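Participant: The structure that follows is given in the form of structure tokens.
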Amino acid sequence: MKNNRLIFIAMLLLLFKALPVLASEVELVSDFLSDVKNYAYKNQLKVKSFVTVRDIKNIKRKILRQIDEAPSLCSELQDFTRANSELSYLFNGILRDLKEKQKFELLQKNSNKSSNAAMAVKQSKRPLKYRLSMAEQMFYNFKFTSCFVSTAKIFVEESPEILKEYESIKIEFSSIEDIETLNQKGPALAKRCETLLLNPEGGFYNIERLENIAVVAAAINVRLNSDDWESADSPVLKMRIIDRLAKLYSLAPHFKHKCMLTMTLSNAYLNIGLPHHALSASYYNKKDFYNKLADSEKSDFIWYLASNLALECPPGNDNSLKIGIECFYEYCRFIDADINIDENAKANRKAEIYLEATSVLYEKNEKYFEAITELDKIINDDKVYAWVKNNALEKKQALQAFLNLKINVMFSNEFMAGKWKVIDKPYKYVPLLTGQKFKLKVELEQPTESNIQFDSVNWYGEIQTSEPEFEFSFVEQGKKQLRVEASLLGKTITRSFAIYVKNKPEGLSDVSFAKKYPIETFKALSKKLIGAQTMVEELEPFKWAAETYKNNGSHNGIQDAARHAYWNCLLTRYFGEDYAKGITDGHEVNASLELFAEVIMDLYNNEEGRQIAKKHSHNVGNDYSCCRSAVINSVENGSTLCFDDLVNLNKDALLLPTNEK
């Protein structure tokens with residue numbers, strides 16, 4: 001009898017020891033199948049943005065990594081594809097790669113005898129259903145493919161109570177099939193999610209599970225408060241999700257929850273293609289929790305900012321570059337402080353960062369001398385491995401050779417007699433009328449003894465082609481953003497610029513329009529806002545602009561830009577936008593085609609003046625000071641445009657913001 005009791009107690013102890021393991025395995029399978037569903041859902045979207053395509057790749061990598069860490073999950077994937085045969089085509093490639101990998105490993109081990117056992121597939125006895133509920137579709141539409149998962153291994157694991165509540169929320173949310181049920185259950189579910197996130201004691205520390213809970217809470221809130229859910233574009237809805245996540249962050253009392261909600265927020269920005277916003281959000285929020293983290297947690301968070309955010313940012317943003325470099329340097333300080341690695345290992349780990357990160361950031365942003373400085377840190381360090389030094393030296397030599405080259409984007413129009421002009425600044429606009437033929441080309445400026453050719457040239461934006469030189473025209477007006485990427489010597493150089501396209505004014509001339517509205521015209525004449533061509537210098541817009549911007553380009557310069565903006569501001573103030581547009585744009589109707597650049601500049605500044613009048617409150621009476629100060633601000637802010645060259649007028653002029661040179 002006593003022996004039986006001992007056996008019973010031993011069995012109970014074994015069972016209690018096994019329970020956490022079983023719970024962990026169930027949770028592992030549940031999370032894995034969630035990723036499989038997410039992969040299937042995103043693959044079936046009819047329209048895939050570049051962000052969605054990136055997400056699909058990230059989810060696939062994650063699925064493969066999970067199977068690599070827990071091979072039994074391969075059978076879960078096979079069970080899923082068998083139960084949902086119509087989706088098998090999505091996973092055939094993954095399963096085929098896994099099968100080849102298993103074959104290779106078996107050959108490597110030379111254990112043909114055990115091949116049947118190693119390739120055996122566990123048959124699942126429980127049926128699986130793929131059909132997504134309405135709530136799951138909503139969730140997967142906003143779920144981010146987390147760029148950072150290692151935090152889950154550093155922060156402590158959640159308590160069984162929190163895991164139980166997490167699973168309960170997931171199950172209840174997944175069962176919601178229609179909007180009526182969401183209206184009934186949604187508010188309470190969102191409240192339960194927020195209770196976990198806003199726990200002052202913390203306790204919810206797994207980044208991916210926290211992201212899921214945050215997305216559920218935000219999605220419910222946005223869905224129940226969006227009348228235009230069905231018609232709104234996905235980016236619009238995702239921005240509302242981001243706003244809700246930002247509010248959750250501001251309310252979270254526990255510093256580790258703030259840390260992970262910051263990463264959730266940044267992943268959300270990455271999800272809609274705004275990496276600069278992602279980096280800025282994390283860097284700005286860092287002050288709220290960073291100093292409370294353990295050193296290992298600080299190290300991981302800084303690495304997240306540097307490698308997952310800064311390296312994702314496209315070139316051209318000096319603030320993002322500054323933050324990225326600062327984060328990589330701070331990570332290097334963590335390497336220096338690590339007592340578990342020797343000095344040689346420290347030097348080589350930092351060398352890897354200089355070679356693959358900081359120099360890459362500088363090079364991507366065309367800061368080539370700074371990139372060479374980073375490489376010199378590797379070359380001049382005796383502790384760095386010889387092969388790493390050689391890689392740094394080769395990269396430095398390539399950059400030095402590249403510095404002797406120059407990439408120019410050039411344009412030509414029908415009045416330039418076959419000549420070309422360089423678009424030397426990204427903030428300059430190329431002026432163009434609708435239907436007008438124009439040429440663009442990218443050219444390599446190099447020493448006469450060199451004969452380096454482009455590997456490839458690709459234009460993006462409103463025009464997409466791979467030709468180094470081409471002719472084009474636009475049929476619709478507006479600001480057209482263009483970007484060219486030229487590849488050579490293993491590097492890609494990007495140049496961005498814009499074309500400002502306007503319709504040539506048609507209809508009534510200013511004189512004819514003025515006659516059509518005799519009352520307004522009489523009043524405008526009395527206020528000296530319009531007049532005969534012989535008396536223009538006595539008009540209020542001319543006198544004020546000449547006094548305020550003396551010797552600053554009366555024809556197509558800053559004075560000209562300010563005059564047109566001020567003229568339109570006054571006319572709009574006293575006689576309305578339609579009258580102002582009819583008079584001032586009508587002034588350009590009979591201009592010759594050769595003056596197209598001047599016409600486009602005047603039309604732009606006319607519109608700016610009318611918008612100025614609509615955006616500010618005016619003083620009573622005939623006091624013009626409100627329009628004057630508003631126009632001065634507009635000129636100083638670069639909201640008005642002038643010519644970049646006051647010598648070769650109308651032939652090859654670019655439009656320049658009035659606060660630039």
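Readers should treat all values here as calculations from the given coordinates under stated rules, not as data from a laboratory. Small disclaimer: the values here were computed from a predicted structure and weren't measured. Reconstructed Cβ throughout: ideal geometry from the backbone, glycine too, with neighbour counts over all protein chains shown.
Participant: Among 653-659, 292-298, how do they line up from the highest to the lowest mean number of other beta-carbon atoms within 10 Å? All intermediate terms of the calculation are to be shown ahead of the outcome.
Facilitator: On the way: 653-659: 21.6, 292-298: 14.4.
Output ranking for 653-659, 292-298: 653-659, 292-298.
Participant: A further question on this structure: What per residue convex hull volume, in Å³, do the alpha-carbon atoms of the stretch 253-343 yield?
Facilitator: Numbers: hull volume 8.4 nm³, N = 91.
Expressed per residue, the convex hull around the Cα atoms of the stretch 253-343 is 92 Å³.
Participant: Could you give P(r) for the stretch 132-291, binned at 10 Å from zero, as whole percent values over all Cα-Cα pairs?
Facilitator: Cα pair-distance distribution for the stretch 132-291, in percent: 11, 42, 36, 11, 0.
Participant: Then there's this: Taking the mean number of other Cβ atoms within 10 Å as a proxy for protection, how do you rank 624-634, 336-346, 522-532 from highest to lowest?
Facilitator: Working: 624-634: 18.5, 336-346: 10.8, 522-532: 15.5.
For the peptides 624-634, 336-346, 522-532, the packing ranking is 624-634, 522-532, 336-346.
Participant: With a 10 Å radius around each residue's Cβ, average the other Cβ atoms per peptide and rank 319-332, 425-438, highest first. Please report the intermediate quantities before stating the final value.
Facilitator: Numbers: 319-332: 19.6, 425-438: 17.4.
The packing order, highest mean first, is 319-332, 425-438.
Participant: Between GLU180 and GLN400, how many nm apart are label points set 7 Å from Cα along the C-beta direction?
Facilitator: The modelled label-to-label distance comes out at 7.7 nm.
Participant: Now, a different point. Could you give the dipole magnitude of the stretch 132-291 about its Cα centre, charging the beta-carbon of Lys and Arg +1 and that of Asp and Glu -1, in debye to the nearest 20? Display every interim value, and only then the final one.
Facilitator: Values: 17 positive and 20 negative charges, 132 e Å.
For this selection, approximately 640 debye.
Participant: A follow-up question, please. How far apart, in nm, are the 7 Å Cα→Cβ label points at GLU443 and MET535?
Facilitator: 5.1
Participant: Related question: Below 8 Å, C-alpha to C-alpha, sequence gap of six or more: please give me the relative contact order for the stretch 510-657 in percent.
Facilitator: Working: 188 pairs, mean separation 36.1, N = 148.
Averaging sequence separation for qualifying contacts and normalising by length gives 24 percent for the stretch 510-657.
Participant: Of all alpha-carbon pairs in the stretch 205-256, indicate the percentage at a distance above 18 angstrom.
Facilitator: Values: 445 of 1326 pairs.
In whole percent, the long-distance tail amounts to 34.
Participant: Quick check for me: using +1 on Lys/Arg Cβ and -1 on Asp/Glu Cβ, what's the dipole size of the stretch 338-402 about its Cα centre, in debye to the nearest 20?
Facilitator: Values: 10 positive and 13 negative charges, 18 e Å.
Dipole about the Cα centre, nearest 20: 80 debye.
Participant: Treating only the Cβ of Lys, Arg, Asp and Glu as charged (+1, +1, -1, -1), what charge dipole size does the stretch 429-584 show about its Cα centre? Round to the nearest 20 debye. Mind dumping the intermediate values first?
Facilitator: Details: 20 positive and 20 negative charges, 139 e Å.
The dipole of the stretch 429-584 has a size of about 660 debye.
Participant: Taking the inverse of the average 1/r across all pairs of different Cα atoms in the stretch 510-657, what Kirkwood radius in Å do you get? Don't skip to the end; give the middle numbers.
Facilitator: On the way: mean 1/r = 0.0653 Å⁻¹.
Taking the inverse mean of 1/r over all distinct Cα pairs, the stretch 510-657 comes out at 15.3 Å.
Participant: Moving on. State the extension gain, in nm to one decimal, for the chain segment bounded by PHE470 and GLU636, taking 0.36 nm per residue of separation less the distance between their alpha-carbons. Present the calculation step by step, with values, prior to reporting the outcome.
Facilitator: Details: separation 166, 0.36 × 166 = 59.76 nm, distance 3.59 nm.
Extra length from PHE470 to GLU636 when fully extended: 56.2 nm.
Participant: Still on this structure, please answer the following. Which three semi-axes in whole Å describe the equivalent ellipsoid of the stretch 319-386, each the square root of 5 times a Cα gyration tensor eigenvalue, listed largest first?
Facilitator: Details: eigenvalues 94, 44, 9 Å².
Semi-axis lengths for the stretch 319-386 are 22, 15, 7 Å.
Participant: Here are some pairs, LYS191/LYS286; LYS298/LYS377; LYS441/LYS661; LYS437/LYS502; which of them have Cα atoms lying more than 19 Å apart in this structure? Please report the intermediate quantities before stating the final value.
Facilitator: Values: LYS191/LYS286 26 Å; LYS298/LYS377 25 Å; LYS441/LYS661 23 Å; LYS437/LYS502 13 Å.
Beyond 19 Å between Cα atoms: LYS191/LYS286; LYS298/LYS377; LYS441/LYS661.
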